[in-house]
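Structure, as structure tokens:
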Amino acid sequence: MAKEIREITIALSGNPNSGKTTIFNNLTGLRQHVGNYPGVTVEKKTGVIKYKGYRINVVDLPGTYSLTAYSLDEIVARNFVINEKPDVVVDVVDSSNLERNLYLATQLMELDVPLILAFNMTDVAKKSGKKIDIGLLSELFGTPIVETVGSRGLGSDELLEAVIKVVSSRKRKEKKVEVKYGEEVENEIGKIISVLKKEKVPILKFDARWIAVKLLEQDRDIIDTLKKASGPEYSKIEDAVTGSINHITSILRDTPEVIIADGRYGFINGALREAYKEVDSGKLDVSEKIDRVLTNRILGIPIFVLIIWLMFQFVFTLGKYPMGWIELGFEKLSVLITEIVPQGLIRSLLVDGIIGGVGGVITFTPNIILLFFAIALLEDSGYMARAAFVMDRIMHKIGLHGKSFIPLIIGFGCTVPAYMGSRILENRRDRLVTMHINTFMSCGARLPVYILFAGAFFPAIAGNVIFSIYLIGVLMAVIMARVLRATRFKGESDPFVMELPPYRIPTLKGILIHTWERTWMYIKKAGTIILAISILVWILFTFPMIGNNYSQDYNGQIEKIEQSYRSGEITEDELNEKAAVIEGKMAGERLTYSTAGRIGRFLEPAFRPLGFDWKIVVATISGIAAKEVVVSTMGTLYSIQEAEGQSDSLKTALYKHYHPLVGYNFMLFTLLYFPCMAGMVMFRKEAGTKEMLFQIGYTFLLAWVMSFLVFQIGRLFI
Amino acid sequence: MKRWGLRHRGGDARKTPLAGNGIFSMADAVPGKKYRIVRIDGGYRLNSRLCAMGFIPNEIFYVSGASRGGPLCVVVKGTKFAIGRGMAERIQIREI
């Protein structure tokens, strides 16, 4: 018995900070899917709800102020509505700020899509003394209006009811409310429409009036689309439009896009005059009071530094414990596999390759979760925007955008999500420069390398040495930002305008969903790409196999020791110790024999001027998979059985083999040469292959040059 | 080239308020005071963007804060925006 299930698609649109995401979360819960809009790096969130026999697909459009072609977000939102023709568009409106929020609604009305307005945060509006006549407003706008309070989960069912009502009464066309722009503009719109009709311009899926308005607004996206569709005939339209624009500008003394915007606000204000009353509640704005402190000229930056410091304390101090547990878990898993899987390639692949590689990345998950939690908290509370405001002057000086600092801060945790975070920058140049320097924000995976080397060579001042590396990273970022701005990415950065939303107490649900989404993206990377690369690296480090080509008869030596144990000459402890030394040597030789070892030897001459020997080169290569792998590779190379956690003896070995200058130099090299493979994969996804290759090339070159200088100059003093 | 001209105009307005009519750029607005927007010297793109955010001729706004040499905090149509100095210089305003 097939009960017919009707499928509906609704698109959620709304201004940034209108609470759209909360409404989306309320509607879909955890059944969300995060992807990209085809061909662009704008995040697309979708979710499915089953409601009263309907299967409702909810698409969360990017938060925008309007549907012009100003930013990628706006074009994506607009194209989705035009091309995908959702059954209903729900525009989420902040009820305490109607005039501004309804601007987007007027543009959706112009697109002539089935529209529902969700008046969100009605509680805040009522509390601050605003009275809205919903019924009248609904009539004036010609759309249903539903009241919601997203933060308390109210109104979701009413919203869905309204959606179903609109969908089922679709056939009977209600009277369409049209925004009028005044006589002059309307005349010109009429003229352009008639030219469009006369020239038989293929107006595609668009409405003729809407196209005319967009042409008057000089909307690049629409102009280009029309040009492509109509070929040389387009010049006639172009002439007509230019004529209209000049006519309007000369009579009304302002350009059409301003006049048209004015018309939209005029329509909104006309409606609000009748259906809206504001009673001054006499309360002082709390947000204003908080801002007096947080964005204070003098206190702003110290407070920002303090908050970031607290965030790092929170992430790293608290993250230490679960990280330890996960590490222990993987260790136990390794032991278990060692017990049940017979010695050989499969065991080696599982333990050294997969657990070593993927496990290393998963171990950082608690840190990542906490970091994303902290960032979500800062974002949802409204502080993030203030931080961008406070930092804009400094960031501007080094050729970056106020918002750039957000991905840069994330970079200290992990470069992979930091690249994702660069999406908040609208201008491609700003975004690329920010991404290109992000790798110098020393990520968490590099810390184990620093801890090992600083501990080996500068045990007394390890903390300061590590700090100096972080500092050099920041300095490099500043220098390279300026260099890139002056060369490859010349040109003005986007003008800085950013809403400073009122401070709000974030909802736990919202923060948890935010955190989970991003963490999941990270884990997925570990499960797919990093898994593949771990296996590849394992192959490089395993093949060709040494067979019987050891330089000494190690197996014979082990047998001898075992014999002397059996005859009682040495104790069991001594046996284990000696056997471990020999097995370590064997591992070292196996590694030397492998492809990675050969590559290391082959490349050694290129790294000699930096003071590096082939072992460091091999470790560097292994660091491409994930930087912290450098530590375990060093362990193997120095024949120390890492499983026993003898990193002290590795430190001793390093100290014996290298001068501290080389040790420091390697830390510097590790900081500068490009981030791990996962990072590169993300970079490519966000910016394309060309930019990724540039990133790899220039960071590697920079690392080489810097290390060369440090070693050659440093040598003069030792 | 066009951009240059516009910036230049903005720059002039900064130094010498156009004689008599008291028009100057938003970058020179004083925190706590109310002003009216007169004109935006941007291209159609910037104009559309600013209009969508509520920066539209005849609109009243006030400056709630500013960092020295950095962006301004401006409240327009009930929402607070951080607005870069370069951008503020292109918005012509007058006192009310």
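Of the set (1) part of a helix (DSSP H, G or I); (2) open to solvent by less than 40 Å² (accessible area, probe 1.4 Å), all apply to A:Asp262 but (2).
Residues in segment B:27-42 that are farther than 14 Å from A:Asp262 by Cβ and open to solvent by less than 30 Å² (accessible area, probe 1.4 Å): B:Ala27, B:Ala29, B:Tyr35, B:Asp41, B:Gly42. Once segment A:145-185 is narrowed to residues that are open to solvent by less than 50 Å² (accessible area, probe 1.4 Å), modelled with pLDDT of 90 or more and not hydrophobic (A, V, I, L, M, F, W, C), the residue that is nearest to A:Asp91 (Cα to Cα) is A:Thr148.
Selection of segment A:91-119 for residues being away from every other protein chain (no Cβ under 11 Å), among the charged types (D, E, K, R) and open to solvent by less than 10 Å² (accessible area, probe 1.4 Å) yields only A:Asp91.
Looking at A:Ser442, A:Ser404, can you tell me which residue is under 23 Å from A:Leu299 (Cα atoms) and among the polar types (S, T, N, Q)? Residue meeting the stated conditions: A:Ser404. Determine if segment A:224-246 includes at least one residue that is outside any strand (DSSP E or B) and at the interface with chain B (Cβ under 10 Å from one of its Cβ atoms). Yes, segment A:224-246 has at least one match. Of the residues contained in segment B:68-80, one or more are found to be out of contact with any strand residue (DSSP E or B) (no Cβ under 6 Å at 6 or more places or on another chain), free of Cβ contacts under 8 Å to residues at least 12 places away in the same chain and not β-branched (Val, Ile, Thr). Residues in segment A:251-306 that are within 12 Å of another protein chain (Cβ to nearest Cβ) and basic (Lys, Arg): 5 in all. Looking at the structure I just gave you, is A:Leu447 hydrophobic (A, V, I, L, M, F, W, C) and surrounded by fewer than 22 Cβ atoms within 10 Å (Cβ to Cβ)? Spelling it out, A:Leu447 is indeed hydrophobic (A, V, I, L, M, F, W, C) and surrounded by fewer than 22 Cβ atoms within 10 Å (Cβ to Cβ). A:Arg273 falls short on exactly one of the conditions (1) under 30 Å from A:Glu84 (Cα atoms); (2) open to solvent by 40 Å² or more (accessible area, probe 1.4 Å), and that condition is (1). Those residues that are β-branched (Val, Ile, Thr) and surrounded by fewer than 16 Cβ atoms within 10 Å (Cβ to Cβ), I need them from segment A:697-718; list them, please. Selection gives A:Val705, A:Ile713, A:Ile718. For segment B:76-96, the tally of residues that are more than 7 Å from chain A (Cβ to nearest Cβ) and either more than 17 Å from A:Asp285 (Cβ to Cβ) or open to solvent by 10 Å² or more (accessible area, probe 1.4 Å) (or both) stands at 10.
Would you be able to tell me the number of residues in segment A:110-144 that are assigned to a loop (DSSP other than H, G, I, E, B) and within 14 Å of A:Leu98 (Cα to Cα)? Let's see the steps before the verdict.
So in segment A:110-144, the residues assigned to a loop (DSSP other than H, G, I, E, B) come out as A:111-114, A:121, A:128-129, A:133, A:142-144.
If we keep only those that are within 14 Å of A:Leu98 (Cα to Cα) too, we end up with A:121, A:128-129, A:133.
Qualifying residue count, segment A:110-144: 4.
Specify which of the listed residues (A:Gly63, A:Gly47) is open to solvent by less than 20 Å² (accessible area, probe 1.4 Å), at pLDDT 85 or above and closer than 27 Å to A:Asp123 by Cβ. Can you show your working first?
Working: A:Gly63 fails: open to solvent by less than 20 Å² (accessible area, probe 1.4 Å).
Only one candidate qualifies: A:Gly47.
Listed by position, the helices (runs of 4 or more DSSP H) enclosed by segment A:388-456 that each have at least 2 residues that are within 14 Å of another protein chain (Cβ to nearest Cβ) are A:405-413.
The set of residues in segment A:276-304 being part of a helix (DSSP H, G or I) and either open to solvent by less than 80 Å² (accessible area, probe 1.4 Å) or assigned by TED's automatic domain parsing to the domain that holds A:Gln218 (or both) consists of A:Ser287, A:Glu288, A:Ile290, A:Asp291, A:Val293, A:Leu294, A:Gly300, A:Ile301, A:Pro302, A:Ile303, A:Phe304. Of everything in segment B:51-75 that is more than 18 Å from A:Arg253 (Cα to Cα) and assigned to a helix (DSSP H, G or I), the residue that is nearest to the other protein chains (Cβ to nearest Cβ) is B:Ala52.
Residue-by-condition table, conditions (1) among the aliphatic types (A, V, I, L, M); (2) not assigned by TED's automatic domain parsing to the domain that holds A:Asn26:
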residue: A:Ile134; (1), (2): yes, no
residue: A:Ser156; (1), (2): no, no
residue: A:Glu178; (1), (2): no, yes
residue: A:Lys214; (1), (2): no, yes
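The set of residues from segment A:70-90 being outside any helix (DSSP H, G or I), of a type outside the set (A, V, I, L, M) and more than 14 Å from chain B (Cβ to nearest Cβ) comprises A:Lys85, A:Pro86, A:Asp87. Among the residues of segment A:510-528, are any open to solvent by 50 Å² or more (accessible area, probe 1.4 Å), over 23 Å from A:Ile409 (Cβ atoms), away from chain B (no Cβ under 14 Å) and in contact (Cβ under 8 Å) with a residue 12 or more places away in the chain? There is no residue in segment A:510-528 that is open to solvent by 50 Å² or more (accessible area, probe 1.4 Å), over 23 Å from A:Ile409 (Cβ atoms), away from chain B (no Cβ under 14 Å) and in contact (Cβ under 8 Å) with a residue 12 or more places away in the chain. Considering segment A:545-582, and only residues there that are touching a residue at least 24 places away in the same chain (Cβ under 8 Å) and of a type in the set (Gly, Ala, Ser), the residue that is farthest from A:Ala653 (Cα to Cα) turns out to be A:Ser551.
A single member of A:Ile308, A:Ile326 is in contact (Cβ under 8 Å) with a residue 40 or more places away in the chain and open to solvent by 30 Å² or more (accessible area, probe 1.4 Å), and it is A:Ile326. For segment A:622-631, the count of residues that are surrounded by 14 or more Cβ atoms within 10 Å (Cβ to Cβ), without any contact (Cβ under 8 Å) to a residue 60 or more places away in the chain and of a type in the set (Val, Ile, Thr) is zero.
Screening A:Lys585 with (1) touching a residue at least 12 places away in the same chain (Cβ under 8 Å); (2) open to solvent by less than 70 Å² (accessible area, probe 1.4 Å) gives one miss only, at (2).
The values are calculated or read from the model by the stated rules, or taken from the named source; none is laboratory data. Because the structure is predicted, anything quoted here is derived from the model rather than measured. Ideal geometry is used to build each Cβ from the backbone, glycine not excepted, and the neighbour counts take in all protein chains shown. Ligands, DNA and RNA are stripped out before the accessible areas are found, and what is left, the full protein with its side chains, is counted by its heavy atoms. Shrake-Rupley method; radii C 1.70, N 1.55, O 1.52, S 1.80 Å.
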